[in-house]
Amino acid sequence: MALSTLNSQAQVSAAQAYLTQYQTDNNQQQVQSVKKVNQTNATRSANESGYQATRAQQQVKNRELPQPSTSVAISKQAQEKLAAEQAREVDEKHEEFITPLEPTLPNEGEKIEDYLAFKKGIKQYQIYADLANIATGSNQHMSASTAYYLSNNDGARNATVNVMNKNMQMAAMQTYYDTTQAINTEA
């Protein structure tokens with residue numbers, strides 16, 4: 001409904017512009033013909049040319065111009081052409097705001113793939129470093145990526161729990177040894 005209203009308004013505007021141009025061209029032709037009449041009359045006698053010139057000017061002044069009508073009939077072919085033209089103009093105006101269906105990556109994603117591989121390598125190193133620290137007993141803390149890795153891998157989780165259990169047993173045995181050595185040296 002809105003498109004048909006737009007089309008009819010655009011058609012009326014186009015028709016009015018055409019009529020205005022036609023009237024302007026017609027008036028210019030009439031003025032040119034009056035000028036030609038004036039030039040031919042100028043060659044005649046002074047009295048006759050003056051009389052003819054004033055008479056021609058009065059005719060131009062008294063002549064009524066046709067009034068433009070407010071309705072114009074346009075063929076279906078012209079309506080379709082106008083609608084296609086207006087749709088193309090709207091598309092061109094709003095083309096910059098339309099987002100593509102699939103986003104494209106610059107350099108076809110090569111840099112992003114390299115960055116992801118780099119970040120994956122850092123996370124794997126962090127996991128291996130945390131597991132090595134747990135295995136040697138030097139550090140019992142782990143990063144979030146290590147915790148995620150262990151929560152999703154049963155074998156690695158069981159091995160880590162066993163290593164931590166052995167480390168705790170070793171620490172308990174070391175504490176027992178140090179305590180017994182302190183008692184034996186005092187006695």
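The values are calculated or read from the model by the stated rules, or taken from the named source; none is laboratory data. All figures in this text were calculated on a predicted structure; none of them were measured in a lab. To get the accessible areas, we keep the full protein, side chains included, count just its heavy atoms, and leave off ligands, DNA and RNA. Shrake-Rupley method; radii C 1.70, N 1.55, O 1.52, S 1.80 Å.
Observations on the structure shown:
- Close amide H partners of S143, meaning residues 5 or more places away or on another chain with modelled amide H under 5 Å apart, do not exist here.
- Computed over protein heavy atoms with a 1.4 angstrom probe, the accessible surface ordering of E110, E85, largest first, is E110, E85.
- Share of Cα-Cα pairs in the stretch 121-184 lying beyond 16 Å, as whole percent: 51 percent
- Heavy-atom accessible area order for L101, L116, L82, largest first, 1.4 Å probe: L101, L116, L82
- Note on surface exposure: D178, D114 rank D114, D178 by accessible area, highest first, 1.4 Å probe.
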